[in-house]
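Comments concern the structure below.
The values are calculated or read from the model by the stated rules, or taken from the named source; none is laboratory data. Please read these numbers as outputs of a predicted model, since none were measured by experiment. All Cβ positions, glycine included, derive from the backbone under ideal geometry; neighbour counts span all protein chains shown. Note: accessible area is taken over every heavy atom of the protein model, side chains too, but ligands, DNA and RNA are not part of it. Shrake-Rupley method; radii C 1.70, N 1.55, O 1.52, S 1.80 Å.
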Amino acid sequence: MELYGYPLKAKFTYPKPPPSKILPATSTVAASYKNRIPYQPESISLPWMPNAYYKAAALNPTLAPLSESFPGLPPTKIIPFISERPDGVFTRHTLDDWHRSNMTNYKESETTRHNAERLRADLNRTIKDVYQQAKRTQGESTKNLGERVNDIEYWKSELCLELDAMIRETNSLTDMQKRLERALADTEGPFQVAHKCLLNREKRMGIDLVHDDVEKQLITEIKIIRSVRERLQQCLSTVNAQLMCNKEARQELEKDLADKQMGHHIDNKCYQLKNTSRGIHYYRGVERIDATISVPETWARFTDNNIFRSQSQRATSAKLRASTESVLMGTADEMWRQFSKVNDAFTSRITETANAKSKIQTHLAKTRQEIFQIETKIQVIQKTIKDKEVQLKVAQTRLDERTRRPNVELCRDTAQIRLVQEVNEINETLRNLHQCLRASEDMLQMLVRSKAVLEHDLVIKNNSLFIDQERCMGMRKTYPSTVQILGYVSAGLT
């Protein structure tokens, strides 16, 4: 066969071989025609370098000449094939080949049908298993949603009960606050009367300037009124602070209840959804989004903590109301008794004031000692925090360095797990230490505040002793506010 593009040698240069006397076998004839150039009669007009012939001869013979890989030649360019045999008979396969091909096709068809039947059986079984698994999975999800709805309903009822109780307690404490404000305002009148009596006794001269029992009891009455005002003011401050705590606990309950109602609505809606429900759509990738911030244990503990905090505040509020009621009755009775027995309580009042001063000094010394110890403990905690922060840096540096391991070396091995646990443990320890530090600092502030209160109270007691022993102011004549005091006492007793 000549190379593509070279001139084709003339046919007349090769003499035609004489026909053989014995016909060859069919397989031999078929094999002899594999690489033979087709004969072209001279009646066909071809160019000296026929491109169509060489392009057609360069292709491998195929059973599908009109396939996508070879669209075929146009009818006008198809070169006729002429056999060299006299009778024009051309045989490619034997009869055995024909039977063997049929048997092969039968067996292949039977095998294909058997595989198809087995595939259909597998598909039916798979579809049935998938349906049962989907039904079972959806049933479990529905059951879990139902249990979740029941849990939310339970905590909703608990929150509603606790919220109602907190509202009632807050209203009762508000009434007590109003009573305290009114009682505190009612002590202003007796105090002004006693003070005017003391100013009037300053005008005495000569022998009248004596330290008699009336003057001493008058000073004692003023001190009692001041003590009552301080106690009432302290109770009022405590009640105001408790009202703020109750309000915060109530807000937490209301917020938690609102969240529970919204969660109950959403979970109940999800619980009622079915395959035939409206409004169901595809949300691709939603299962990869983890927007949760709690687990069932922390979720229940959060509500339980809110309820427990509210119950604690209610118990504290109830105790405060009882103690405030006791203070109101005690102060009213004390003022009335002092008004009735002004001459008999002067000496005991001076002793009581001196004892109070001594106690305040004792408590002040203890408070200063406690402040020193708390400051020392704060320094120890700060040093411990610094040491833990160094350990945290080491652990996090190790984790950061291990993130640079190449390829499969990024293994979540025991060292990696332990490092993560170490970081978490150190963080937890640091959180605890910071909490202890904040608690210590808060306690220090409270101690400092208590110290200031004690120092202030000590100054007041020293001034009271100076008035009782040095100024000698006292001796009242008549009280035009007796009716007001009786009304205050009766209001307190009722």
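Looking at the range 372-420 only, could you name the residues that are loosely packed, with under 14 Cβ neighbours inside 10 Å and of a type in the set (G, A, S)?
Passing the criteria: only A415.
Here are some residues: V295, V286. Which one is β-branched (V, I, T) and under 16 Å from W155 (Cα atoms)?
It is V295.
Quick check on my filter: what residues within the range 92-135 are aliphatic (A, V, I, L, M) and open to solvent by 80 Å² or more (accessible area, probe 1.4 Å)? Spell out the reasoning first.
Kept after step one, since they are aliphatic (A, V, I, L, M), are these residues of the range 92-135: 95, 103, 116, 119, 121, 123, 127, 130, 134.
L95, M103, L119, L123, I127, V130 - these are the residues of the range 92-135 that are aliphatic (A, V, I, L, M) and open to solvent by 80 Å² or more (accessible area, probe 1.4 Å).
Test each condition in (1) open to solvent by less than 60 Å² (accessible area, probe 1.4 Å); (2) under 30 Å from K461 (Cα atoms) for K319 and report the one that comes out false.
The one condition K319 does not meet is (1).
When you scan the range 273-315, how many residues do you find that are in a helix (DSSP H, G or I) and surrounded by 12 or more Cβ atoms within 10 Å (Cβ to Cβ)?
Result for the range 273-315: 16.
List pairs: first residue in the range 165-183 and in contact (Cβ under 8 Å) with a residue 60 or more places away in the chain, second residue part of a helix (DSSP H, G or I) and small (G, A, S) anywhere in the structure, Cβ distance under 6 angstrom, at least six positions apart or on different chains.
Note: pairs meeting the criteria are M166/S310; E169/S317; L173/S317.
With the requirement that a residue be part of a helix (DSSP H, G or I) and among the acidic types (D, E), what does the range 369-413 give you?
E370, E375, D387, E389, D400, E401, E409
Tally up the residues in the range 451-479 that are of a type in the set (G, A, S), modelled with pLDDT under 90 and either assigned to a helix (DSSP H, G or I) or open to solvent by 50 Å² or more (accessible area, probe 1.4 Å) (or both), please.
Count: 1.
Looking at R431, R438, which one is at pLDDT 85 or above, within 30 Å of D457 (Cβ to Cβ) and under 29 Å from the mean Cα position of the chain (by Cα)?
The unique qualifying residue is R438.
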